[in-house]
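Participant: First the structure, which I've put down as structure tokens, then a few questions once you've had a look.
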Amino acid sequence: MDMATRSGYSINLALLRNNYKDEYKAVAIEKDRFDIKAKTHSDKWHYFEIKTDSPKLSIRNAFGQITEYSYWPDSERAEKLIIISDNAPDSDTKKYLTHIRQKFNLPLFYRYFNMEANVLSADF
């Protein structure tokens, strides 16, 4: 297993362990093409795509996948599209995400996973 696969696998396992009961009532790991698909308590879907590159490359590599999951004809629409990486976003990444949300009205967010603390950040 290469380092990127190991990192993604570790993120998935940690998310399962922490299981986010306050935020989600159901979490499916690696099901139906999604890295993670979670249903909120208000029955809204959040789709997660995990990448292990820099924030910029993670967004670039995940963007097409995560939008296809939600916007392909007859797909179940997600309330949030969340890209996860193990790197904290810098100020340019935060500005870029805000621009994407405002300009294109896409519910695209970024979270980073702190491997040492085993904690997933809030949305950026």
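Participant: For the stretch 77-103, how many residues meet the condition of being within 25 Å of H41 (Cα to Cα) and either out of contact with any Ser or Thr (no Cβ under 8 Å at 6 or more places or on another chain) or of a type in the set (A, V, I, L, M, F, W, C) (or both)? Spell out how you get there, then give the answer.
Facilitator: Within the stretch 77-103, the first condition is being within 25 Å of H41 (Cα to Cα), and the residues that meet it are 77-85, 101.
Applying the additional criterion that residues be either out of contact with any Ser or Thr (no Cβ under 8 Å at 6 or more places or on another chain) or of a type in the set (A, V, I, L, M, F, W, C) (or both) yields 78, 80-84, 101.
Qualifying residue count for the region: 7.
Participant: Determine which member of the set K51, K103, K80 is of a type in the set (K, R) and closer than 16 Å to A28 by Cβ. Please lay out each step first, then the result.
Facilitator: Working: K51 fails: closer than 16 Å to A28 by Cβ; K103 fails: closer than 16 Å to A28 by Cβ.
When all the criteria are applied, what remains is K80.
Since every read-out is calculated from the coordinates, none of them should be taken as a lab result. In this text, all values refer to a predicted model and were calculated from it rather than measured experimentally. Quick reminder, even Gly has a Cβ in these numbers, built from the backbone with ideal geometry, and neighbours come from all protein chains shown.
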